[in-house]
1. Here are A:ASP167, A:ASP129, A:ASP145: which of them is in a loop (DSSP other than H, G, I, E, B) and either more than 14 Å from the chain's Cα centre (by Cα) or of a type in the set (Ser, Thr, Tyr) (or both)?
2. Could you please find all residues in the stretch B:51-101 being within 18 Å of B:ALA12 (Cβ to Cβ) and among the hydrophobic types (A, V, I, L, M, F, W, C)?
3. Given the criteria buried (at least 21 other Cβ atoms within 10 Å of the Cβ), over 12 Å from the mean Cα position of the chain (by Cα) and more than 17 Å from B:ASN100 (Cβ to Cβ), does B:ILE85 qualify?
4. Report whether or not A:GLU211 is closer than 25 Å to A:GLU52 by Cβ and not in a loop (DSSP other than H, G, I, E, B).
5. Answer with yes or no whether B:PRO92 is closer than 30 Å to A:ALA189 by Cα and within 12 Å of chain A (Cβ to nearest Cβ).
6. What single numbered condition from (1) loosely packed, with under 15 Cβ neighbours inside 10 Å; (2) within 12 Å of chain A (Cβ to nearest Cβ); (3) under 13 Å from the mean Cα position of the chain (by Cα) fails to hold for B:LEU41?
7. Is it true that some residue in the stretch A:172-195 is within 21 Å of A:LEU122 (Cβ to Cβ), part of a helix (DSSP H, G or I) and in contact with a His (Cβ under 9 Å, 6 or more places away or on another chain)?
8. Need the failing condition index for A:ARG156 against (1) within 14 Å of chain B (Cβ to nearest Cβ); (2) at pLDDT 95 or above, just the number.
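The values are calculated or read from the model by the stated rules, or taken from the named source; none is laboratory data. Only a predicted model underlies this, so the values are computations on that prediction, with no experimental measurement involved. Every residue, glycine among them, receives a Cβ derived from its backbone with ideal geometry; neighbour counts consider all protein chains shown.
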Amino acid sequence: MSVITIERKILEKNDEIARQNRARLAEHGILALNMVSSPGSGKTSLIERTLEHLNGKLRIAVIEGDVHTSLDAERIARYRVPVVQIVTQGGCHLDAHLVAEAMAKLDLAHLDLLIIENVGNLVCPANYDLGEAMKVVIISTTEGDDKPLKYPAMFRQAEVLVINKIDLLPYLNCRLDALKQHALQINPALKVFETSCTTGAGIPDWCAWLEAMTRRKSAVPEAPGHGG
Amino acid sequence: MSIARSLLEMIAQYAPANGRARVKVVRLRIGELAGVIPESLRFCFEVASEGTVAQGAELQIEHVPVMSRCTDCRCDFEVEQYAFICPNCDSPNVELISGNELDVIELEVEEEGCP
């Protein structure tokens, strides 16, 4: 019996491609968001509202990750922005290689903001760095206020929390204060937005912040700041 | 499953290429924040390793707790219930020291029939 020492990260191949993606995005001054959530929390709707507000002000492209269909890409294409669909064929998350392939189909020289919609899943996408500047986790009020405690890794890794479907609060048992408190206990640095893609509440605030972040990114190439 | 596949790719790089070698034990270090359920990984590894040099290998998993350091008072502490708040000075300014690990440490390999 012999022992072979390895001491390497299991996902180091993914992480290396993510570094390359991040370098390419930085080279072009593009802000890339990795949008993560459970299925049905409103990622695609939030992207649609964002495009309504910012398309024309910013040059935006969208990468859509989905397990089987291109339905979301069809929704996004109505907004006349470049959109690339990744179908994972059963895969529960996007990885850096899939995103690199999708990025190759985009004209990076003419973009300010790249929105990557991950597969609806709060577990696996936490492990896979795509090369994004930040993870935006979306949670809807219908999911209950304990989700951050159930999926702490994702809430710890995200920089931004969007609490969506706030128009439904009067009909639910979800306690908004408890939801925020749970999320901030795991990650006190989280920037929190409250939105409703149905009524439009909170969307201008989210878009104003996103526009400011994108312009800052375009002006100053940012050092990679991922992890932990 | 893709973590199990990545793990097998790495094992293939290190395990001896001769047909008689068998990987018996794979030692891993997995942090509590990595979001990996050991039983699920074991199941996926069992399925994905069929027909490879690591078929039937045992996964030995070292569990790493979430440890943080307060950037204000510099104390190190174990994070319980995912409350990232310094127990010493109540500061929310804490950095992660451990808990995100997803590492392969070493393999134990048996080469059958070798003198």
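1. On the way: A:ASP167 fails: in a loop (DSSP other than H, G, I, E, B); A:ASP129 fails: either more than 14 Å from the chain's Cα centre (by Cα) or of a type in the set (Ser, Thr, Tyr) (or both).
Of the residues listed, the single one that is in a loop (DSSP other than H, G, I, E, B) and either more than 14 Å from the chain's Cα centre (by Cα) or of a type in the set (Ser, Thr, Tyr) (or both) is A:ASP145.
2. Residues of the stretch B:51-101 that are within 18 Å of B:ALA12 (Cβ to Cβ), as a first pass: B:51-59.
Matches in the stretch B:51-101: B:VAL53, B:ALA54, B:ALA57, B:LEU59.
3. Values: buried (at least 21 other Cβ atoms within 10 Å of the Cβ): no; over 12 Å from the mean Cα position of the chain (by Cα): yes; more than 17 Å from B:ASN100 (Cβ to Cβ): yes.
It is false that B:ILE85 is buried (at least 21 other Cβ atoms within 10 Å of the Cβ), over 12 Å from the mean Cα position of the chain (by Cα) and more than 17 Å from B:ASN100 (Cβ to Cβ).
4. Numbers: closer than 25 Å to A:GLU52 by Cβ: yes; not in a loop (DSSP other than H, G, I, E, B): yes.
Yes.
5. On the way: closer than 30 Å to A:ALA189 by Cα: yes; within 12 Å of chain A (Cβ to nearest Cβ): yes.
The answer is yes for B:PRO92.
6. Condition (1) is where B:LEU41 drops out.
7. No, the conditions are met nowhere in the stretch A:172-195.
8. (2)
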